[in-house]
Amino acid sequence: MFITLEGGEGAGKTTQQSLLAEQLRQEGYACLCTREPGGTALGKALRELLLHGDPMTPLAELLLYAADRAEHVSKVIAPALAAGQVVICDRFTDSTLAYQGYGRGLDLGQIRQLNHLATGGLKPDLTLWLDLAPEVGLARSRLGDKLEQEHLEFHRRVYQGFQALAAAEPSRIVRIPAQGSPAEVAARIWSAVKPRLPRRDNSAS
């Protein structure tokens, strides 16, 4: 099963990824936590360029995210799924649509084509959108990278992008209110994840 965590800055994705993985392991599922950008050796180098390097054009930014994703799917995500693990990824294709599409204003159709090329058509089984107002999320974040330092109107466009994506694919994208304590948010996430988990077959066949 392939699960992705999405949301704006400061929504708590990293914390919730760790809590969800812990819950899954307690339930007997093997799981892998990874992230974009940065889930491979190449991805770590690209992450540094994307989040801490010199300014770049929106198209160059988009193409670097696609390069990270192609390597990530091929070398990390697809092999883990083939091995029967639950993969939990902090950001995936929806972030590219929200940030580079709605935020930067790049063509959504072209982004979808590029996403399909980079992933080989792989889509998440479940996407958890941690819904938090941009103003609240930015107040939580440490303003440590280029995306966090973008102006508020950019983050509002990104938020509207996640809203639109969730409305378009309600069977895949589940809105999780991200206000409250980490434990409260984790309980909401588990309520969304548990019914969709593959049944573990403990019988020999």
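Quick note: the coordinates plus some simple rules give every number you see, no bench work behind them. All values reported here derive from a predicted model rather than from experimental measurement. Cβ placement follows ideal geometry from the backbone for every residue including glycine, while neighbour counts extend to all protein chains displayed.
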### Query
What are the residues in region 75-114 that are closer than 30 Å to Tyr29 by Cβ, within 17 Å of the chain's Cα centre (by Cα) and among the polar types (S, T, N, Q), if any?
Thr93, Ser95, Thr96
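Quick grid of which residues meet (1) touching a Ser or Thr at 6+ places or on another chain (Cβ under 9 Å); (2) of a type in the set (D, E, K, R):
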site: Gln113; (1), (2): no, no
site: His116; (1), (2): yes, no
site: Gly120; (1), (2): yes, no
site: Leu128; (1), (2): yes, no
site: Ala133; (1), (2): no, no
site: His155; (1), (2): no, no
site: Ala166; (1), (2): yes, no
site: Ala178; (1), (2): no, no
site: Glu184; (1), (2): no, yes
#### Entry: All positions within region 58-91 that are assigned to a strand (DSSP E or B) and among the acidic types (Asp, Glu)
Asp90
### Query
Of the numbered conditions (1) among the charged types (D, E, K, R); (2) assigned to a loop (DSSP other than H, G, I, E, B); (3) in contact (Cβ under 8 Å) with a residue 60 or more places away in the chain, Asp94 satisfies every one except a single condition; which is it?
(2)
#### Entry: Selection within region 146-183 - basic (Lys, Arg) and under 15 Å from the mean Cα position of the chain (by Cα)
Arg172, Arg175
### Task
Taking Arg104 as meeting all but one of (1) farther than 18 Å from Lys13 by Cβ; (2) surrounded by fewer than 22 Cβ atoms within 10 Å (Cβ to Cβ); (3) touching a residue at least 60 places away in the same chain (Cβ under 8 Å), write down the number of the exception.
(3)
